[in-house]
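Quick notes on the structure that follows.
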Amino acid sequence: MAWDAVLWHPPETRHEGLQCPSDIGGGETLSPLTAGEYLLTLVATSGPKSGAQVTGPMILKKAGPKDRSPRTGEVASISYGEEPQFYGAAALDWSRVAAPVLEGEPPPANSLDPIYPGVLVRSDGATTLILIGTLSNFRNGEAWLDGAGIGLTVTAASSNRVRGTWDAWGLAVGGGGRFCIDPAPSSTEA
């Protein structure tokens, strides 16, 4: 089965005017994320597109030890000593903020394959990390730390917003900055 069979293609909608404030302090340190649909906003504060912003949809599904890839048949295997909380996909124009997320590189950011997801959320109770389009997203037992993609570190959360910072997660370089995750309008649980 090809990647195309597991790629998430949300309907195209405009997300103009959503603000991601620069004040990212305060609030809880744990992520209130649940399975569902969100809007992810990235603001570049460094790199060639500093000052630019992009918003797009993100979907999260609950991760579990019995997850199986519809492409390869592989079952989830723990690579980094802990089962991730969620896997999912995101669909943004990464180039608008110089985020080093590469289209067509495994795993694509919009992959909903539970073993090769575009988005992976890990939390150790003190830190929540959201990986997008990285080789570290593989849940097949292989441990990779290079390549492209970005890591989002949650620094503040409230009942309806998650905020933090983002930067390159591998050898690929690009921009960095802050992010906000908001519930999608009329979101439903995934």
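A short reminder: the numbers here are calculations on the coordinates, not readings from a lab. Every value quoted in this text rests on a predicted model; they were computed, and no experiment measured them. We place every Cβ from the backbone using ideal geometry, glycine too, and count neighbours over all the protein chains shown.
List of remarks:
- Where strands (runs of 3 or more DSSP E) fall entirely within the range 18-131, those with at least 2 residues that are under 22 Å from residue 142 (Cβ atoms) and out of contact with any His (no Cβ under 9 Å at 6 or more places or on another chain) are at 86-90, 119-123.
- Remark: pairs (first residue in the range 35-57, without any contact (Cβ under 8 Å) to a residue 24 or more places away in the chain and on the phi > 0 side of the Ramachandran plot; second residue buried (at least 17 other Cβ atoms within 10 Å of the Cβ) and among the aliphatic types (A, V, I, L, M); Cβ separation under 7 Å; 6+ apart in sequence or on different chains) = 51/44.
- Only residues that are without any contact (Cβ under 8 Å) to a residue 60 or more places away in the chain and either under 24 Å from residue 53 (Cβ atoms) or buried (at least 20 other Cβ atoms within 10 Å of the Cβ) (or both) were counted in the range 79-103, giving 11.
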